[in-house]
1. Can you tell me how many residues within region B:86-111 are part of a loop (DSSP other than H, G, I, E, B) and either surrounded by 13 or more Cβ atoms within 10 Å (Cβ to Cβ) or at pLDDT 85 or above (or both)?
2. Enumerate the helices (runs of 4 or more DSSP H) found wholly within region C:198-313, keeping only those where 3 or more residues are within 14 Å of another protein chain (Cβ to nearest Cβ) and in contact with an Asp or Glu (Cβ under 8 Å, 6 or more places away or on another chain).
3. Considering only region C:560-580, how many residues are part of a loop (DSSP other than H, G, I, E, B) and closer than 12 Å to C:Ile148 by Cβ?
4. State which residue is farthest from the other protein chains (Cβ to nearest Cβ) when the search covers only region C:657-674 and only residues that are closer than 17 Å to C:Glu213 by Cβ and assigned to a strand (DSSP E or B).
5. Failed condition for B:Cys138, given (1) surrounded by fewer than 17 Cβ atoms within 10 Å (Cβ to Cβ); (2) at pLDDT below 85; (3) farther than 25 Å from C:Ala684 by Cβ, with all others met?
6. Of the numbered conditions (1) touching a Ser or Thr at 6+ places or on another chain (Cβ under 8 Å); (2) within 22 Å of C:Thr448 (Cβ to Cβ), C:Asn724 fails exactly one; give the number of that condition.
7. I'm checking my understanding of the structure. Among residues of region B:189-215 that are closer than 23 Å to C:Lys70 by Cα, more than 9 Å from chain C (Cβ to nearest Cβ) and touching a residue at least 24 places away in the same chain (Cβ under 8 Å), which one is surrounded by the fewest Cβ atoms within 10 Å (Cβ to Cβ)?
Amino acid sequence: MPVKSYIAFPRVGMKEQLIEVLKKTPHCEVMPALNKDVLVLVTDTADDQEEEALRQILYGIKELAHLNLVSGYSDKINQTDEKSSEHDNE
Amino acid sequence: MGRSNVIIGFWIVLLAAAGLIFITSLSEEQSLTGDKAEATGPSGSLPVEEGVFRLSGNAVEFMRLYNSGIQGHMDINGYYSRRAFPGAPPVIPHPVEEFPENMGKYCLQCHGKGGYVAQLSAFAPLTPHADLINCLQCHVPVKTSGTFAASTWIRPAAPETGRQALPGSPPVIPHDLQMRSNCLSCHGGPSAPVEIRVSHPERVNCLQCHVPNEGTSNKNTIWTR
Amino acid sequence: MNRRHFLKKAAAASAMAAVAAMLPGVLFASDIESDHFPPGIDWTKAPCRFCGVGCGILVGVQNGKAVAVKGDPNSSVNKGMLCVKGYHQTMCISSADRLTKALVKKHGKYVETSMEEALDLVAAKMKETIDRHGKDAVAMYTSGQSTIPEGYVASKLMKGAIGTNNLECNARLCMASAVAGFLTTFGADEPMGCYEDIDHANVFILWGNNMAEMHPVLFSRLLDKRLTRKDVSIIDLATRTTRTSKAADKSILFKPQGDLAIANAICYELINNGWVNKSFVEKHVVFRKGKTDIGYGLEDKFAFKDEAQPIDFEQYKSFLEDYRPDKVEALTGVSAGDIKFLASLYGNPNKKVVSFWCMGMNQHTRGTWMNNLVYNIHLLTGKISQPGNGPFSLTGQPSACGTAREVGTFTHKLPKGVVTNKKHRELAAKIWKVPYDRIPDKPTYHATEMFRAVDRGEIKFIWIQATNPLVSLPKTSRYRPGMQKKSCFIVVSDVFPTPTTDVADVILPAAWHIEKSGLYGNSERRTQYWDRMTDAPGEAMPDAWMTIEVARRMGYGDLFPYSKEKHHEEIYNEYRQFHAGKQHNMAPLAILKKRSGVIWPYIEETGKSTLWRYNSKYDPACDPDKDFDFYGNADGKAVIWQRPYEAAPEMPDNEYPFWLNTGRVIEHWHTGSMTRRIPVLHQAVPHAYVELHPDDARQLGIVNGQKVKVISRRGTTILPASINERGLPARGQVFVPFFDEKMLINDVTLDAFCPISKEPDYKKCAVRIEKL
């Protein structure tokens, strides 16, 4: 369920390459700034496993210098189900 | 009813956490009013334009609070419901000390810097004219809901927003600038009506792009020689 | 919109907000596209039509019409931002009273004529005048808003083809003092730094310029920096309180003309507090003094030539004794404490300081001296030619640098160098392919004197392009009757009817900005190219093509072999040759077409521009053995000029007790011929006014909006009073914006000028205020 947004900083001089890589990464939508070296990344995964898998991919991208989590949304099941999703603040 | 998913919107309050910390720290911050030296005294001052530069240091912080997830944001209907007509001084919707010792200081505690008031579940609106401190001269409390005698008063329509000369050009300012020297009071910050918040409160030379144009019929629309 | 989509949009918005908090001024595609603009728009780049900041714009064209304007995010000048004039500039095109046909005055009435016939008449008249009265009886007056090709063909026609130096431009009225300051101090024109200085400086000191309204996008860059960096402050030093004063961290008011003493007092403090960068001064600076008591140019045929005398540091130091801060408090109106404060900012080796100035210092009867004096401050401290550290003379017009100064549309200039220099004449003769002795070696008239010569009947033909002198000259109360005389045949090329076209014998309809291709050069030495985007209406054509057509009719066709379609490219390629070399190379056209703009000098081998000149770390034109090389001067050294305070020619007295200051407002450009025809700008400031201090107004019994007379020894203008609105003059001073042709404040101003630069002082004369 999670929809998250990040600020992504490319390594010096690698903005265009980072954009290309993220465009090819599943569950990702990338919005580059037009006049500064920074991008906004919005991710949308179906469940926790996909979310975790995506996380691994993102942190392995070598063109990426920093990834700052800004906000996120998730549906939370109510108490009768006794299940809640837990996600870290990063 | 069977099991149902209760959908809760926000579970990450990264910004909200930052926002809350910010709000509580606001009270420790330097007063936004009065510390900057007045360029002129009572015999001359430029009421317009200076307020926004004073508030500019907080523009960046205001943006973080937009998405803090705290309830209590003002909307445009709420904004106008406090005013008898567009441009009228808003009434005071909360109990107030009617003979405070230092009126300016008393009111500006909350309305000079803003902040969240839990008891009212609302963000305190920022005054667009912090240099005027006889507040109760114009702003009065609401002590009753009825009228003394029936009235046919109808509130005039609010000015049309979003009037642009060309597609994409900066919208004109559809209201008078008198008494409104702090654009950010109504257009930035968490107490600003949601519908008229700007996407770029950090750009504080507002009048560089936005010019006043009330659209009243007595202004010549086209210049001729 | 389903919930998931909404969530993603909200998440993106949060992130964008967070980025903007960190990096103000950031632009995302969604900020400027999608809902705002209808589909099917072609966006093409150009520089803005207005001020010397030179913002990059993108004009949206649909079905052959310009429908929208936005800032070019790729331009490092404005990074996607514009001001209110920039956003709406294309709207003047659709004004109903636009000139579309040539008009020839016959028996007192204007008759529509074909362009061919009108150009025939202009050429015939010009030739006839030369035959009867000599080459110096004809003149051209162009503009700091003319494109580079337009300035170039004017210069080639007058100096290369006809052989007269009767070519001047309105940049004489705005930047001449800055140019004279550069040439006398550094031997070479134009700033040594660039806008990137804004990103590195700690302190911005503004000398008499209302930057928030006059160079608004640059000012916003200053505000940006102050928001994001802890150690940035803005100091406003002015005679009047403006938006800039309100935005600044400190506003210091001074008395008119007092700036001369303030600058010297700061130098006194620098020397006497040991804040001088001794090794810099020893290696890179010489000291000189010039003549004093140099007059004001009020008489016709006023002539002045300065004489430089070398002095040494000790002499300079003892000269400054008279400018000890406490001694000049009364003269400047500034407390010694504030002067010392300013000096401490300049003198602090850990603070990078940029000084900005424009018309307050240039439109000044001692304008050249003022420019020298601020350079003195930066030379004594060695704060020059480094990122964030240096003096920056801001330019008023969009191409006063690119056209007027670099092409040289002045009586004494050539595209490279000056007419008095044999080598420079030889170079021009070679490139223009004209006999060497055709180019005259003596300057004739500067702008003010040119219109005096029209008044005296010496100039019998004048062609005015892209400027409106009968609103913008000082003392129009003399020059309007002068131009109305029958003795001079007047040709005016303009887009709109103005008080100048009102006195013309022939009016030629001009193409506006995006209706022609061209090049401009802004304050930071950045040349920008643009392609024609829409068609000019009726028979309107680019000024450059008018000049070429007239030149051909006069028999100079072989010197103007350019094609109608590509003349702007052919001309630029020819012009470029003048500036070849590491000190001034201009980028080739192919690069200019691709990039939003290129700073000169452009180094072909590396494809890079020299951002900071005279510093061998950044400037390959320097002698590599020196750390700083002011190669404009033969000895590689800059000059510190000893310049005293001298009073203004006309000061307030019992009969005329107020200082009159004139200037602009952000909404209107110069004489308003374009901006008043843009409804949103006209509606924001519909007419001129006279600003009064409330105490002065009270004493005179004047209320806001009341019509008053502003009276000087030269004329009267009636204006409504403005109290506590846009600007607050000091007591005993008034301010009037000059954009209003019906409230012509220049009827009242004085045509005194700096004897060195010949630039008039629009900021100081004496007036009386009377109720109507």
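The values are calculated or read from the model by the stated rules, or taken from the named source; none is laboratory data. None of these values were measured; they are calculated from a predicted model. Cβ atoms come from the backbone with ideal geometry, glycine included; neighbour counts cover every protein chain shown.
1. So in region B:86-111, the residues part of a loop (DSSP other than H, G, I, E, B) come out as B:86-91, B:93-102.
Still in the list and also either surrounded by 13 or more Cβ atoms within 10 Å (Cβ to Cβ) or at pLDDT 85 or above (or both): B:86-91, B:93-96, B:100.
Here the count works out to 11.
2. Details: elements: C:211-214, C:216-228, C:243-247, C:259-272, C:278-284.
So the answer is C:216-228, C:243-247.
3. Matching residues across region C:560-580 total 0.
4. Restricting to residues being closer than 17 Å to C:Glu213 by Cβ and assigned to a strand (DSSP E or B), the top hit is C:Thr662.
5. Here B:Cys138 clears every test but (2).
6. The one condition C:Asn724 does not meet is (2).
7. Within region B:189-215, the first condition is being closer than 23 Å to C:Lys70 by Cα, and the residues that meet it are B:196-213.
Then keep just the ones that are more than 9 Å from chain C (Cβ to nearest Cβ); that gives B:196-198, B:206.
Now narrow it down to the ones that are touching a residue at least 24 places away in the same chain (Cβ under 8 Å): B:196-197, B:206.
Working: B:Ile196: 16, B:Arg197: 19, B:Cys206: 21.
By that ranking, first place goes to B:Ile196.
Conditions (1) within 13 Å of another protein chain (Cβ to nearest Cβ); (2) without any contact (Cβ under 8 Å) to a residue 24 or more places away in the chain; (3) part of a strand (DSSP E or B); (4) out of contact with any strand residue (DSSP E or B) (no Cβ under 9 Å at 6 or more places or on another chain), marked per residue:
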{"position": "C:Arg676", "(1), (2), (3), (4)": "yes, no, no, no"}
{"position": "C:Gln683", "(1), (2), (3), (4)": "yes, yes, no, no"}
{"position": "C:Ile702", "(1), (2), (3), (4)": "no, no, no, no"}
{"position": "C:Lys709", "(1), (2), (3), (4)": "no, no, yes, no"}
{"position": "C:Arg714", "(1), (2), (3), (4)": "no, no, no, no"}
{"position": "C:Ile718", "(1), (2), (3), (4)": "no, no, yes, no"}
{"position": "C:Arg731", "(1), (2), (3), (4)": "yes, no, no, yes"}
{"position": "C:Ser757", "(1), (2), (3), (4)": "no, no, no, yes"}
{"position": "C:Val767", "(1), (2), (3), (4)": "no, no, yes, no"}
